[in-house]
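First comes the structure, then the notes that go with it.
The values are calculated or read from the model by the stated rules, or taken from the named source; none is laboratory data. Note that this is a predicted model, so its numbers are computed, not measured. Counting neighbours? That spans all protein chains shown, and the Cβs are built from the backbone with ideal geometry, glycine included. The protein model used for the area step is the full one, side chains on, heavy atoms only, and it has no ligands, DNA or RNA in it. Shrake-Rupley method; radii C 1.70, N 1.55, O 1.52, S 1.80 Å.
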Amino acid sequence: MYRVMIGGKSLCGSNYGSIPCVRNAQFAMRGQKRIGFPVAQAFPNILGKSKSSNGSVSSDVVKEEVGREMQYRLSTNSSSDEATYTAVAWSVHNRLVDSFNQTHEFWKKKDPKFVYYLSAEFLMGRTMTNAINNLGVEGEYAEAVREIGSTLEAVADTEVDAALGNGGLGRLAACFLDSMASLDLPGWGYGIRYKYGMFKQGVAEDGKQVELPDKWIPETGNPWEIRRPQIRFPVGFYGSVGAGGVWTPAETVHAVACDFPIPGYHTSTTSNLRLWDAEAVEEFDLEAFNAGEYEKAVASRRKADEIVAVLYPNDATEEGKELRLKQQYFFVAASLQDTLARFLEDHGDLEKLPEKAIFQMNDTHPTIAVPELMRLLIDVHGMEFNKAWEVTKKCLAYTNHTVMPEALEKWPVAVLAKLLPRHMQLIEQINETWLDSIKPHVEKKVAAAAPKAEDPADVPTEDSEAETVDPVEAALAEYSIVQENPWNKGEMLVNMAYLAVVGSSAVNGVAAIHSEIIKEDIFPQFVEIFPEKFQNKTNGVTLRRWLAYCNPELAALVTEALGTDEWVKDATLLSKLKPMAEDAEFRKKWRAIKMQRKEKLAAHIKEVTGYDVPVSAMFDVQVKRIHEYKRQLMNTVSLIHRYQKIKAASPEERAKMVPRVAILGGKAASAYYMAKKIVALVNAVSKTVNNDPEVGDLLKVIFLPNYNVTEAEVIIPAAELSQHISTAGTEASGTSNMKFALNGALIIGTMDGANIEIADNTGVENLFTFGVDAADVPRLREERKDFKDYDPRWVAAFDAVRKGEFGDAAYFEDLVDSVNDMTKGNDWFLVANDFATYMDAQDEADALYADEEEWTKRSIIYTASNGFFSSDRTIQQYADEIWNVKPCAP
Ligand code: NBG
């Protein structure tokens, strides 16, 4: 029952940017000419070699290629690092394209099942170093660049991060792509090509965060992407639905494919991240222009630009903007049309789609995929509702990444019905079908819970309210995807997480504790119905970027000790390092490398902040998005205390203190009032402490602005202590904890998220753990109104803030109140509760640091124990237990 809405010939993109297809797309487009060609044939392998033929590329060949790019692409003879970077990048680009084409030609022939990772965010960071290393041509490139007169590192340092993500969720997606390609799994990422990434963070004179646009695409063109103007799909918005579900959108834009090749590590596979750009269907209205209506002439281009303009800079906070829903639908609709078109090139029967495709929804952002797949199957391809529902459920899987209620998306029915009227109809229909299917279960449950007649106290009296509400209907409401807003009676909301759960074949959390919490607290009613749907997939990180490339010195030592670099692919081999912790010579080498990395970070700190930091001090790091639940405030209060303690100490006492460099970094969402005050407070403390001559080298407090992937690559290898101190039960997993552990930084942390599994692997005695357990949090929150047990160190620290010893006291007043005044902020995240045990854990860390041999032993044990947290392991589990996708190496 497909319909052509506009008339004219329709276009649909083809698989690999290659084979043309003319099909009945959802809406047709006018005046578009198809240009399609099989990439691999149209572009013969110009370099004559694939990356599987590693070693056959010489530095001379590389130099020649770079020279050619300089001459013809850049038309320059500049030898600046920027120009060299661009030329080198384009030469790497060509290698990637060769490998990409070979891979996709092979996949096309073999026709394996694919996983499509749908994500609103991919926090890729820099590409060049990763690509060169994964391709296995680092030696040749390093030599070539040396001969040109620079170093690969200096050249790579000019690349701007692709920061198309907020934090952990987006970076996880990037690690997953690396692992999928490295494991030769047929899989693509699908997302949005935002014009501006996560904002750039600066710090003003008064310590407050400043947000600047993050323009990441080079003016000269992006060497890491292949724009495919021939692959475009129409995406409609607004409009009306006629009889029989015919949707006529009032606004349509084109989604245009931009491919980012993803090279696997030392394998012939290069997979793809396809990001969609938006273009107006009619770029320019000449008629309007000629009539002097200039605004109108470019209006549709503006609207298209708006969709892909910027990544919403919020992490675990609610953003109720209609534009965000528009972005979500935009990339989901394009991605689903693209995959369906590709499927239909070689297969006829869409009922068989689940044999060839599975879509992993990264959080609720792509959940509109549920009704969109239904719509495509029913309205465009004529499938019957129940069949379409079976196909949809089999094709989708959902990962939950947060328990923060404000981040569990709920769209007002009114907003959805206006923007996507047909989808709202389908959601209602899905909901009815779902509620009908579970009604017998709910009836039984209600009957079992009904008060027994012999207990008169439980029997409702005639005029009680219970009689007016049908108990089955009331119980069913708990399961309903469409619910009334409890804070705004009468407003109906679509619970996107519920829609994702009902519309998926599997639902998973991202760490063991988190997967239990979502079963118990977020989706218990669904667990009753299909317990087997719920799984755990503990997060992981790619050891390529997060150990081998960001810490080459440590990587070389590990390789030397293990006698092989196979650990880069098989992280379980790291466990063989454990005995080395007892080897004094090895420890010395280990320490020397940490020192080298600390020096590098110290130089970076000096360059960015102007502060000198002592490299002999403990480097203590907390870098992550700023959020009350992550409790940077607790860290800051402890630093104020440390400062006060130093000030009060005698010279003898001072001589015994363990010097620290406390490094904090992270962005506060632009609309997150308290988080912004936390940034300002850290900076205020930094200013006071660092400029106090009495303190000297005993304490330095550093706020490193604009924390991003590239910053992390410098910070993490240098860290000795890393802080993961969220209120138990609030951090779904955390992934930087894994990166720090793998780089030999010890953890101070709560029993939350993946910290628990890191403790299991490392031995809990090797972590500095503290704080209440997740199970106690609800009770403590209840009791918090009566909390009086403030630690004297806490009281003294806040008194100083109140007195203005750290900047503008009035500005910090409500931040202070949020954890001190139960009538105002009520300390929801139990900062005051956990402070005393946090300080104990800090004392333990200081004591251990004084013993450098013991500290080093532990550091080695951390690296040796945490190979489990490789994203290769995580992805293998997804592939085996959810996707049923098998390796297919060209
Ligand atoms: C984040 C969690 C982290 C987790 C990452 C990746 C969101 C919504 N969630 O704890 O806060 O590590 O997801 O799973 O960004």
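Values for this structure:
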read-out	value
In nm, spacing of pseudo-spin labels at Thr433 and Glu516 (7 Å Cα→C-beta vector)	3.6
DSSP-loop chymotrypsin sites (Phe, Trp or Tyr not before Pro) across region 667-703, with at most 16 other Cβ within 10 angstrom	none
Residue-normalised accessible area of region 86-245, given per residue in Å² at a 1.4 Å probe	30
Rounded FRET efficiency, nearest 0.05, which uses the C-beta distance separating Ser616 from Thr220 and R0 of 56 Å	0.80
Antiparallel bridges, percent of DSSP beta bridges restricted to the chain (to nearest 5)	45
Per-pair calculated FRET efficiency, R0 = 51 Å: Met404 and Glu853 via Cβ, rounded to 0.05	0.75
20 Å Cα-Cα reach of Lys788 towards lysines, excluding residues that sit fewer than 8 places from it in its own chain	Lys824
The chain: C-alpha gyration tensor shape, a/c 1.5 cut-off, then a/b vs b/c	oblate
Prolate/oblate/rounded call for region 503-600, Cα gyration tensor, a/c under 1.5 rounded	prolate
Under 5 Å, built H, 5+ apart or other chain: amide partners of Trp216	Gly197
Paramagnetic label zone (point 7 Å from Cα along Cα-to-C-beta, Glu881; backbone N under 18 Å) in region 744-786	753-761
Length added when fully stretched, Lys578-Ala809, from 0.36 nm per residue minus Cα-Cα	78.2 nm
Solvent-accessible area, 1.4 Å probe, carbon plus sulfur percent, for region 212-271	60
Gained length - Arg802 relative to Lys394, 0.36 nm times residue gap less alpha-carbon distance	141.2 nm
Percent accessible area from carbon and sulfur atoms, region 494-564, protein chains only, probe 1.4 Å	53
Accessible area (Å², per residue) of region 525-590, counting only protein heavy atoms and a probe of 1.4 Å	41
Centroid-to-centroid separation of region 659-737 and region 551-608 [C-alpha atoms, Å]	24
Efficiency of FRET between Glu694 and Asp786 - r from beta-carbon atoms, R0 51 angstrom, step 0.05	0.85
Extension gain from Glu64 to Asn826, taking 0.36 nm per residue of separation minus the Cα-Cα distance	267.8 nm
Accessible area (Å², per residue) of region 754-890, counting only protein heavy atoms and a probe of 1.4 Å	43
Inter-label distance for Glu484 and Ala448, nm, one decimal - labels placed 7 Å from Cα along Cα-to-Cβ	2.8
Estimated vicinal HN-Hα couplings, Hz - region 304-310 in sequence order (Karplus 6.51, -1.76, 1.60; Gly, Pro = x)	5, 4, 4, 4, 9, 5, 8
Pairwise centroid distance, computed over Cα atoms, of region 61-112 with region 122-194, Å	14
Gyration tensor verdict on region 739-798 (Cα atoms; rounded if a/c is under 1.5, prolate if a/b is larger than b/c, oblate otherwise)	oblate
In Hz, Karplus ³J(HN,Hα) per residue of region 594-602 (6.51, -1.76, 1.60; θ = phi - 60°; x = Gly, Pro)	4, 4, 4, 5, 5, 5, 5, 5, 4
Summed side-chain charge close to Thr433 - residues other than Thr433 whose Cβ falls under 12 Å, Lys, Arg +1, Asp, Glu -1	-2
Placed amide H near Thr269: partners under 5 Å, 5+ positions off or other chain	Gly264
Percent accessible area from carbon and sulfur atoms, region 573-693, protein chains only, probe 1.4 Å	57
Relative contact order %, the chain, counting alpha carbon pairs below 8 Å whose residues are six or more apart	13
Cut-off under 5 Å, modelled amide H: who pairs with Ile226 long-range	Asp259, Phe260
Listed pairs Lys63/Lys598; Lys677/Lys700; Lys418/Lys677; Lys394/Lys444; Lys624/Lys886 exceeding 25 Å between Cα atoms	Lys63/Lys598; Lys418/Lys677; Lys394/Lys444; Lys624/Lys886
Region 275-281 - phi-based ³J(HN,Hα) in whole Hz, Karplus 6.51/-1.76/1.60, Gly and Pro as x	9, 9, 9, 10, 10, 6, 5
Label point distance in nm, Asp776-Lys352, each placed 7 Å from Cα along Cα→Cβ	5.9
